[in-house]
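Contents: one structure, followed by commentary.
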Amino acid sequence: SIDEVEDDPKDLEGRAPIVTVMGHVDHGKTSLLDYIREENVIAGESGGITQHIGAYGVQLDSGQKIAFLDTPGHEAFTAMRARGAQVTDLAIIVIAADDDVMPQTKEAISHAQAAGVPIVFAINKVDKPTANPDKIKEKLASMNLLVEDWGGKIQSHDISAKTGLGVKELLEKVLLEAEILELKANPNRLASGTVVEAFLDKGRGYVSTVLVQNGTLKIGDYVLAGKNSGKVKAMQDERGNNIKEVGPSTPVSILGLDGAPQAGDKFNVLEDEREAKEIASKRAQLHREQSVRTQRH
Ligand code: GDP
């Protein structure tokens with residue numbers, strides 16, 4: 001059966017935070033994700049990120065790591081939450097300093113609050129002559145969201161996703177906030193986590209990006225993901241490197257599933273291939289029955 005046994009606290013080790021970037025359209029979410037992706041090359045690795053796999057990891061000069069969900073906007077966040085997936089530890093909410101606290105900004109704030117996910121504000125586009133970060137902070141204060149400059153507890157940092165100004169400091173604040181959460185996982189158990197995206201690749205077959213949240217995922221493991229299952233044949237990181245095993249808070253693309261699970265589906269490694277197949281086919285059967293029923297109505 002699926003290994004949902006709670007971890008003994010003594011087996012837990014610190015893990016990197018998993019971060020989502022949200023905010024109003026055109027406020028700079030994609031630019032920020034791109035800047036972080038391009039500037040951060042994991043120490044000791046040659047070459048930057050070569051493929052978009054829906055998530056990526058970065059390492060700061062301090063050696064600390066952050067995993068980013070690379071799908072900007074809160075659609076991905078809400079879609080995952082709707083499927084019961086709790087992936088994000090922390091949300092960066094981007095607000096353009098030459099604009100205002102806009103409807104989608106407010107939505108993003110309420111989504112993060114509803115999920116109990118701490119917020120770090122990135123006040124963006126401060127390179128623009130028309131930028132007025134203080135106006136944004138004042139507005140936030142009027143909404144009862146007091147940032148540190150205003151004597152509050154919410155972290156915020158002025159940045160330019162275009163020039164990179166302040167981005168490093170923003171990430172340091174993200175790590176500070178993450179420290180408070182004392183994020184932990186047990187690397188010494190069968191892996192479990194969430195599917196970030198999946199698609200059919202002509203040459204390679206079904207490719208699924210998963211985020212390992214607990215345990216260690218290894219080549220040869222039997223994975224059950226939503227209505228799909230399979231033996232992990234190969235794994236690649238966002239740099240296209242082949243890897244043999246990955247621990248908690250690490251995004252990875254896996255090959256070997258018999259289909260494309262949906263974003264937000266949970267995945268588990270089972271001891272036994274037959275069992276993984278059985279559960280997956282029961283789920284698929286249930287799903288077919290449910291869709292027949294919906295069609296009849
Ligand atoms: P998204 O819709 O939130 O993903 O926003 P984008 O990242 O696509 O940015 C929208 C527009 O704002 C693009 O034309 C970006 O080049 C521009 N932009 C984003 N960040 C900055 C910034 O820090 N400074 C300036 N001047 N322009 C920016």
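The values are calculated or read from the model by the stated rules, or taken from the named source; none is laboratory data. Computed from a prediction, not measured in an experiment: that's the story for all the values here. Cβ sites come from the backbone with ideal geometry, for glycine too, and all protein chains shown count toward neighbours. These accessible areas exclude ligands, DNA and RNA; they are computed on the full protein's heavy atoms, side chains included. Shrake-Rupley method; radii C 1.70, N 1.55, O 1.52, S 1.80 Å.
Structure notes:
- Entirely in the range 101-215, the helices (runs of 4 or more DSSP H) that have 2 or more residues that are in contact with an Asp or Glu (Cβ under 7 Å, 6 or more places away or on another chain) and under 30 Å from residue 241 (Cβ atoms): 167-181
- Pick from the range 102-129, criterion over 26 Å from residue 81 (Cβ atoms) and of a type outside the set (Val, Ile, Thr), ranking: surrounded by the most Cβ atoms within 10 Å (Cβ to Cβ): 125
- Inspection of the range 267-279 identifies at least one residue that is out of contact with any helix residue (DSSP H, G or I) (no Cβ under 9 Å at 6 or more places or on another chain), closer than 22 Å to residue 17 by Cβ and open to solvent by less than 50 Å² (accessible area, probe 1.4 Å).
- Looking only at residues in the range 137-162 that are among the small types (Gly, Ala, Ser) and closer than 27 Å to residue 35 by Cα, the one that is farthest from the chain's Cα centre (by Cα) is 160.
- Across the range 24-58, the number of residues qualifying as more than 12 Å from the ligand (Cβ to nearest atom) and either at pLDDT below 65 or among the polar types (S, T, N, Q) (or both) comes to 12.
- In the range 238-256, the residues that are surrounded by fewer than 22 Cβ atoms within 10 Å (Cβ to Cβ) and either of a type in the set (S, T, N, Q) or in a loop (DSSP other than H, G, I, E, B) (or both): 239, 240, 241, 242, 243, 244, 247
- Picking from residues in the range 201-250 that are among the acidic types (Asp, Glu) and in contact with a Gly (Cβ under 8 Å, 6 or more places away or on another chain), the one that is nearest to residue 52 (Cα to Cα) is 238.
- Scanning the range 102-124 for residues that are touching a residue at least 40 places away in the same chain (Cβ under 8 Å), in contact with a helix residue (DSSP H, G or I) (Cβ under 9 Å, 6 or more places away or on another chain) and of a type outside the set (A, V, I, L, M, F, W, C) gives 104, 111, 118, 124.
- Those residues of the range 70-101 which are at pLDDT below 95 and out of contact with any helix residue (DSSP H, G or I) (no Cβ under 7 Å at 6 or more places or on another chain), in sequence order: 71, 75, 76, 79, 80, 81, 82, 83, 84, 85, 86
- If you go through the range 130-163 and pick out every residue that is open to solvent by less than 70 Å² (accessible area, probe 1.4 Å) and touching a helix residue (DSSP H, G or I) at 6+ places or on another chain (Cβ under 6 Å), you end up with 8.
- Any hit, the range 86-97, residues being surrounded by 18 or more Cβ atoms within 10 Å (Cβ to Cβ), without any contact (Cβ under 8 Å) to a residue 60 or more places away in the chain and on the phi < 0 side of the Ramachandran plot: no
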